[in-house]
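Undergrad: Below is the structure I would like to discuss, written out as C-alpha cells.
The values are calculated or read from the model by the stated rules, or taken from the named source; none is laboratory data. Just so it is clear, the model here is predicted, and its values are computed rather than measured. Cβ atoms come from the backbone with ideal geometry, glycine included; neighbour counts cover every protein chain shown. The area values use the complete protein model at the heavy-atom level, side chains included, leaving out ligands, DNA and RNA. Shrake-Rupley method; radii C 1.70, N 1.55, O 1.52, S 1.80 Å.
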Amino acid sequence: MTQRDQPDVRSLADMTPELMTRYSEGTFTDLIGLKYTALGPDRVAAEWVVSPQQHQPAGIVNGGVYCTVIETLASVGGGAWFGERGTVVGVNNNTDFLRAVREGTLRGEATPVHRGRLQQLWQVVITDEDDRVVARGQVRLQNLAAAQ
C-alpha cells in the first residue's frame, strides 16, 4: 500500500480495527507488527508480538517501541474523536517504563483523560500476557481545525 492509499485523517471516526491495521501497512507501526483490536473515539487498543529486532543491546524491548505505540494509539483515538473537524498532532509524549520484556505479546490501550477545543490528553497502558503493566504514558495532542 502506498502513501496515497492512506486514509484521510478525518475518516478515522469510520475506521475499523482491521481497516486501520491494513492502512498502516508500510508504516513504522507495521514494521513493529502493531495490529489494532479496537478503534473508537473513547478507546483504541492494539497488540504486537515482541521480536529481537525490537530489543535494545541488553536484550529487552527498546523504550522507543513503547513510545511509538503510545503516541500512535493516542493519536488514532484523538483523531477518531476529533473526526471531520480537522486533524490532531502529538505535542508531548511522556512514557514510563515499568517492567523489562524480552518476548511475548504486548497489548496497548488508549483512553482519553481530557478532550477540549484546542487540545486532548490521552493515557495509554501497555500490558503483557499476564496483564502486568510494562509501560504507561500520556500524550498531549493539538487539535488542528480543518480549513474552512
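Undergrad: What are the residues whose amide H is under 5 Å from the amide H of V101, where those residues sit 5 or more places off or on another chain and H is modelled from the backbone?
TA: V61
Undergrad: Dipole of the stretch 58-148 (Lys/Arg Cβ +1, Asp/Glu Cβ -1, origin at the Cα centre): which of L106, A145, T72 lies farthest to the positive side?
TA: So the residue furthest toward the plus end is A145.
Undergrad: Specify which residue in the list W48, L34, I126 is farthest towards the positive end of the charge dipole of the chain, using unit charges on the beta carbon of Lys, Arg (+1) and Asp, Glu (-1), about the Cα centre.
TA: I126
Undergrad: Nearest 0.05, what FRET efficiency do T105 and A147 give at R0 = 35 Å with Cβ-Cβ as r? Mind dumping the intermediate values first?
TA: On the way: r = 41 Å, r/R0 = 1.17.
So the FRET efficiency works out to roughly 0.30.
Undergrad: For the chain, what is the calculated [θ] at 222 nm in deg cm²/dmol (nearest 500), taking -39500 (n - 2.57) for each run of four or more DSSP H residues and dividing by its residue count? All intermediate terms of the calculation are to be shown ahead of the outcome.
TA: Details: 3 runs with 32 residues, N = 148.
Taken over the chain, the calculation gives -6500 deg cm²/dmol.
Undergrad: Right, another one. Quick one: Karplus J couplings for the stretch 96-105, per residue in order, coefficients 6.51, -1.76, 1.60, θ = phi - 60°, nearest Hz, x for Gly and Pro?
TA: Coupling constants for the stretch 96-105: 10, 9, 10, 8, 6, 10, 10, 7, x, 9 Hz.
Undergrad: On C-alpha positions alone, give me the angle between the axis of helix 63-82 and the longest principal axis of the chain, in degrees, nearest 10.
TA: 20
Undergrad: Still on this structure, please answer the following. Could you give me the ³J(HN,Hα) list for the stretch 35-47, computed from phi with Karplus coefficients 6.51, -1.76, 1.60 and θ = phi - 60°, whole Hz, x at Gly and Pro?
TA: 10, 6, 10, 8, 8, x, x, 10, 6, 10, 9, 7, 9
Undergrad: When the Karplus curve 6.51 cos²θ - 1.76 cosθ + 1.60 is applied with θ = phi - 60°, which whole-Hz ³J(HN,Hα) does each residue of the stretch 16-27 get, with x for Gly and Pro?
TA: 9, x, 5, 5, 5, 4, 5, 5, 8, 4, x, 9
Undergrad: Please compute the per residue accessible area over the stretch 12-145 with all protein chains in place, 1.4 Å probe, rounded to a whole number of Å². Kindly include the intermediate steps, with their values, before the conclusion.
TA: Numbers: 6670 Å² over 134 residues.
Value for the stretch 12-145: 50 Å² per residue.
Undergrad: Let me ask another. What residues qualify as long-range amide H neighbours of G86, i.e. H under 5 Å apart, gap of 5 or more or another chain, H built at 1.01 Å from N?
TA: Here the answer is A146, since their amide H atoms fall under 5 Å of that of G86.
Undergrad: With labels modelled as points extended 7 Å from the Cα through the Cβ direction, what inter-label distance (nm, one decimal) is found for S51 paired with D130?
TA: It is 2.6 nm.
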